[in-house]
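*Asks:* Let me begin by handing over the structure; questions about it come next.
The values are calculated or read from the model by the stated rules, or taken from the named source; none is laboratory data. Note that the structure is predicted; figures quoted are calculated from it, not measured. Every residue, glycine as well, gets a Cβ built from its backbone with ideal geometry; the counts of neighbours run over all protein chains shown.
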Amino acid sequence: MPDAPGLELIAQDLRQADTESVVDTVYFRERATLVVAAPAIRTVLGQLRDKGYGALMSVHGVDYWPEEPRFGVLYELLDMDEVDRITVKVRVPGDDPTVPSVTPEWSTADFQEREVYDMFGVVFPDHPDPRRILMPEDYEGHPQRRDFPVGGEPVHFTANEHDTPRYWE
Amino acid sequence: MTDTTDLIAAETVERAPAVGAGETEELLTLNMGPHHPATHGVLRLLVTLDGEVVKSVKPIVGYVHTGIEKTAEDKAYWKAIPVVERMDYLAYYFNAMTYCGAVETLLDVEVPPRAQYLRVIHLELNRIMSHMVWLGTSMLDLGAISMFWYCFRERETILDLFEYSSGQRMHTRYIQVGGVMEDIPVGWAAKVKAFCEEMPRRADQYAAILEKNEIVLRRLRDTGVVPEERMLELGVTGPLLRATGNAWDLRKAQPYSSYDHFDFKIPVGTVGDNYDRFRVRHAEIYESVKIIEQALEGLPEGPYITEDRKVALPPRHELATSMEALIHHFKLVTEGFRVPPGEIYYPIEGPRGELGCFVRSDGSSKPARVHMRDPSFVNLQAFGEMVTDGYIADFIATLAMLDPILGGIDR
């Protein structure tokens, strides 16, 4: 892990390339997180790749509801030679959750960005295959959102199928 | 009548003609699954074939999506352990370990050395168990039915050990936040030692059965090769990456839970074909046995769970005499412990690769977000490239050597 000064140095380097790119840095429990503006995510990940963080291990979606900006997308980068990890975080507002897709540069993000879209409704405009992945294709809503109730969906059995309007479709 | 024929004719014209290699050939789209024994779960694959050659594969997942991550958000931290365990159902100790590790990091709780060693013993037993299921079922896919019985015999022995130490065969809930559920029972260590003596001999027998077997060799060698660089780009980890010769193993690279105390090797392959994947996993069984033996040998004395009463339940006997213990017990059982706000990604080396748990806490007693980076889910992305331009017959062997667990993919 880069330590707290190391994280600041990385942030400084990134800010020199683009003053708007790094919004904030968080150092918590010996883990370093860069908070990055959504439009800059592709260039920032590219610059971090040049610094040695060559592997994208995971992409998580987070819903910070009722906070604003509501959604977060986290990228876990790994430097396999130095054995060093850094988290890059993007926050996007609830009314326009759009994050540029990093799949063209990082093939591993393909399924994971689809999962974030499926679960949270965050849109990745340049994604090569922007479909749902875990929920059915005709599903409405994004179930991992914090305001999506647990158990809000009736389970269909033969015994109660007539309670569902137009169940035969 | 004419109307109907016109409709049929119109429909036929609407459909795009399939393009093949020549005028007399065309591509065939074949649906495989979701119910297919060789898919190792409810995996659906849309395969495009040019004769016997696979042209493209589209995996369709989500058939066993049960919203475990959503369910975990609705439970107190310690009550979420059983649901999290059920994601990858062959690696339940690993799921619990990565989730508890993330929560412990958020809480800044120290895990006692004895608990760390007990975790390692169970994790490595679980790794052998997972590899046994993989070996048995994948050899079944290649037509070797007796391997299935042999491997499941060893798996049963391990499940009996789990039952002995925790009361459950699967989804044991043994690993807790701050340690483990209880100390190992009398006689368990001796049984594990006996197993550790037996297991390498069994693994030798498997090698004797399989490694000189013409069918196994011809079906596994030089099939499903993807170069190391591409594997890294696709985020593939675990035995699949190690088979290409990259010795990336989190147990060595970023040791957690006292893995740096043990002497073991990381088996790697050379070519990265299905045979190497088979050999790497097979060799890992011996290494896991070595780790278990060392951990049993050097098992430290001391508590098996943290003494921090805000996190771990007080011992039962204290409840009768101590008011404070009673209060702690009541608070833990009703509300659970509160976790300081923050976000943590905690990766460990699962049987299939990097298994990581992301936990976000908002300061309450329930996790605000639990996300599992499941190695099966990420590794599945490489499947298309492994099988494209290969024969459909190699397809099943490659899928078996990929070792996807759909419970982990769909969560």
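*Asks:* What tally of residues in the stretch B:343-382 results from selecting those that are farther than 17 Å from B:G407 by Cβ and either free of Cβ contacts under 8 Å to residues at least 12 places away in the same chain or more than 13 Å from chain A (Cβ to nearest Cβ) (or both)?
*Replies:* Residues that pass the stated criteria total 1.
*Asks:* Could you say which residue among B:I392, B:I405 is among the β-branched types (V, I, T) and surrounded by fewer than 24 Cβ atoms within 10 Å (Cβ to Cβ)?
*Replies:* Exactly one of B:I392, B:I405 is among the β-branched types (V, I, T) and surrounded by fewer than 24 Cβ atoms within 10 Å (Cβ to Cβ), namely B:I392.
*Asks:* Still on this model: Here are B:V120, B:V61, B:V103, B:V84: which of them is within 11 Å of another protein chain (Cβ to nearest Cβ), touching a helix residue (DSSP H, G or I) at 6+ places or on another chain (Cβ under 7 Å) and surrounded by 21 or more Cβ atoms within 10 Å (Cβ to Cβ)? If you could, list the steps in order and put the result at the bottom.
*Replies:* Working: B:V120 fails: within 11 Å of another protein chain (Cβ to nearest Cβ); B:V103 fails: within 11 Å of another protein chain (Cβ to nearest Cβ); B:V84 fails: within 11 Å of another protein chain (Cβ to nearest Cβ).
Exactly one residue qualifies, and that residue is B:V61.
*Asks:* Here are some residues: B:P267, B:P341, B:P303. Which one is over 22 Å from B:L161 (Cα atoms), of a type outside the set (S, T, N, Q) and over 22 Å from the mean Cα position of the chain (by Cα)? Walk me through it before giving the result.
*Replies:* Numbers: B:P267 fails: over 22 Å from the mean Cα position of the chain (by Cα); B:P303 fails: over 22 Å from B:L161 (Cα atoms).
Residue meeting the stated conditions: B:P341.
*Asks:* Take B:W78 and decide whether it is assigned to a helix (DSSP H, G or I) and either in contact with a Lys or Arg (Cβ under 6 Å, 6 or more places away or on another chain) or surrounded by fewer than 22 Cβ atoms within 10 Å (Cβ to Cβ) (or both). Give the derivation first.
*Replies:* Working: assigned to a helix (DSSP H, G or I): yes; either in contact with a Lys or Arg (Cβ under 6 Å, 6 or more places away or on another chain) or surrounded by fewer than 22 Cβ atoms within 10 Å (Cβ to Cβ) (or both): yes.
So B:W78 fits the description; yes.
*Asks:* I need a count of the residues in the stretch B:321-333 that are closer than 14 Å to B:K310 by Cβ and surrounded by fewer than 17 Cβ atoms within 10 Å (Cβ to Cβ).
*Replies:* Total satisfying the criteria: 5.
*Asks:* Which of the residues belonging to the stretch A:55-85 are assigned to a loop (DSSP other than H, G, I, E, B), charged (D, E, K, R) and within 11 Å of another protein chain (Cβ to nearest Cβ)? First the steps, then the outcome.
*Replies:* Here is the first cut: in the stretch A:55-85, the residues assigned to a loop (DSSP other than H, G, I, E, B) are A:64-70, A:80-83.
Subsequent filtering for residues that are charged (D, E, K, R) retains A:67-68, A:70, A:81-82.
Matches in the stretch A:55-85: A:E67, A:D81, A:E82.
*Asks:* OK, next. Looking only at the stretch A:3-45, count how many residues are within 14 Å of another protein chain (Cβ to nearest Cβ) and either touching a strand residue (DSSP E or B) at 6+ places or on another chain (Cβ under 9 Å) or over 21 Å from B:P341 (Cβ atoms) (or both). Lay out the reasoning, then the answer.
*Replies:* Taking the stretch A:3-45 first, the residues within 14 Å of another protein chain (Cβ to nearest Cβ) are A:24-35, A:45.
Next, from what is left, pick out any that are either touching a strand residue (DSSP E or B) at 6+ places or on another chain (Cβ under 9 Å) or over 21 Å from B:P341 (Cβ atoms) (or both): A:24-29, A:31-35, A:45.
Residues meeting the conditions: 12.
*Asks:* Let me spell it out: the conditions are (1) under 28 Å from the mean Cα position of the chain (by Cα); (2) exposed (fewer than 13 other Cβ atoms within 10 Å of the Cβ); (3) of a type outside the set (G, A, S), and B:H317 meets all of them except one. Which number is the exception?
*Replies:* B:H317 satisfies all of (1) under 28 Å from the mean Cα position of the chain (by Cα); (2) exposed (fewer than 13 other Cβ atoms within 10 Å of the Cβ); (3) of a type outside the set (G, A, S) except (1).
*Asks:* Inside the stretch B:229-306, counting only helices (runs of 4 or more DSSP H) that do not spill past its ends, which hold 3 or more residues that are in the same structural domain as B:F377 (by TED's automatic domain parsing) and in contact (Cβ under 8 Å) with a residue 24 or more places away in the chain? Outline the logic, then answer.
*Replies:* On the way: elements: B:239-242, B:250-253, B:274-297.
Counting at least 3 such residues, we get B:239-242, B:274-297.
*Asks:* If a residue has to be touching a Ser or Thr at 6+ places or on another chain (Cβ under 8 Å) and assigned to a helix (DSSP H, G or I) to count, how many in the stretch B:358-401 make the cut?
*Replies:* Selection size over the stretch B:358-401: 14.
*Asks:* Looking at B:D394, B:D410, can you tell me which residue is within 11 Å of chain A (Cβ to nearest Cβ), within 30 Å of B:D141 (Cβ to Cβ) and at pLDDT below 90? Outline the logic, then answer.
*Replies:* Numbers: B:D394 fails: within 11 Å of chain A (Cβ to nearest Cβ).
Exactly one of B:D394, B:D410 is within 11 Å of chain A (Cβ to nearest Cβ), within 30 Å of B:D141 (Cβ to Cβ) and at pLDDT below 90, namely B:D410.
*Asks:* Can I ask one more? Look through B:L326, B:L296, B:L240 and report the one residue that is touching a Gly at 6+ places or on another chain (Cβ under 8 Å) and at pLDDT 90 or above. Reasoning before the result, please.
*Replies:* Details: B:L326 fails: touching a Gly at 6+ places or on another chain (Cβ under 8 Å); B:L296 fails: touching a Gly at 6+ places or on another chain (Cβ under 8 Å).
That would be B:L240, the only listed residue that is touching a Gly at 6+ places or on another chain (Cβ under 8 Å) and at pLDDT 90 or above.
*Asks:* Pick from B:P303, B:P340: which is surrounded by fewer than 22 Cβ atoms within 10 Å (Cβ to Cβ), within 24 Å of B:L106 (Cβ to Cβ) and within 11 Å of another protein chain (Cβ to nearest Cβ)?
*Replies:* The unique qualifying residue is B:P340.
*Asks:* Check off (1) among the small types (G, A, S); (2) surrounded by 20 or more Cβ atoms within 10 Å (Cβ to Cβ); (3) more than 10 Å from chain B (Cβ to nearest Cβ) for A:G52 and give me the number that stays unchecked.
*Replies:* (2)
*Asks:* Exactly one of (1) free of Cβ contacts under 8 Å to residues at least 40 places away in the same chain; (2) within 25 Å of A:I133 (Cβ to Cβ); (3) of a type in the set (D, E, K, R) is unmet by B:E156. Its number?
*Replies:* For B:E156, the exception is condition (2).
*Asks:* Would you check which residues across the stretch B:224-260 are more than 20 Å from A:D81 (Cα to Cα) and in contact with a Phe, Trp or Tyr (Cβ under 8 Å, 6 or more places away or on another chain) and list them? Walk me through how you get there before you give the answer.
*Replies:* From the stretch B:224-260, those more than 20 Å from A:D81 (Cα to Cα) are B:224-226, B:257-258; that's our starting set.
The one that is more than 20 Å from A:D81 (Cα to Cα) and in contact with a Phe, Trp or Tyr (Cβ under 8 Å, 6 or more places away or on another chain): B:S258.
*Asks:* Moving on. Would you check which residues across the stretch B:253-270 are of a type in the set (D, E, K, R) and within 16 Å of B:A283 (Cα to Cα) and list them?
*Replies:* B:D263, B:K265
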